[in-house]
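**Student:** Let me give you the structure first, and then I'll get to my questions.
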Amino acid sequence: MTLTLIDRTRRTGPDIDQGVAPEAAPEAPPAQAPDPAPRRAAGREADGLAVASFVLGLIGLLAFNLLLGPTAIVMALLSLARRTRRPGRAYLGLALGVADLVVLAVLVTVNGTVAWNLGA
């Protein structure tokens with residue numbers, strides 16, 4: 001019983017000594033690295049959601065808190081679920097969205113209406 005070891009760079013065995021051409025070894029396909037582009041795009045999208053929730057929550061304190069508060073909360077939760085690199089902004093957007101709803105509840109309780117009253 002004979003055992004022949006084959007290496008891709010060097011072949012050893014009786015066929016090398018006898019001058020026989022070695023058989024072509026099947027080439028393995030090159031190893032493909034996982035494409036990092038989708039991960040970067042998802043991370044960038046989550047970062048954008050965090051910043052947008054912060055901005056919408058901030059604007060919602062001044063106007064349209066009925067619409068912008070819940071939108072800021074949803075965007076902040078989505079960005080946190082997608083593992084944003086800016087969790088501080090997402091948490092601020094979440095807090096500002098909740099603050100928008102608190103301001104809305106106070107206005108409804110004091111005025112009895114959902115409308116802002118800035119004038120006299």
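**Student:** How much net charge surrounds M75 when only the other residues with a Cβ under 13 Å from the Cβ of M75 are counted, with Lys and Arg +1 and Asp and Glu -1?
**Tutor:** On the way: positive: R82, R86, R89; negative: E45, D47, D100.
Local net charge: 0.
**Student:** Oh, and also: Can you work out the Karplus-derived ³J(HN,Hα) for every residue in region 53-65? Use 6.51 cos²θ - 1.76 cosθ + 1.60 with θ = phi - 60°, whole Hz, and x for glycine or proline.
**Tutor:** Each residue's phi maps through the Karplus curve to give 5, 5, 5, 5, x, 5, 5, x, 5, 9, 7, 6, 5 Hz.
Every number here is computed from the coordinates shown, using simple stated rules; none is lab data. It should be emphasised that the depicted structure is a prediction, and the values quoted were computed from it without experimental measurement. Cβ coordinates were reconstructed from backbone atoms using ideal geometry, including for glycine residues, and neighbour counts include every protein chain displayed.
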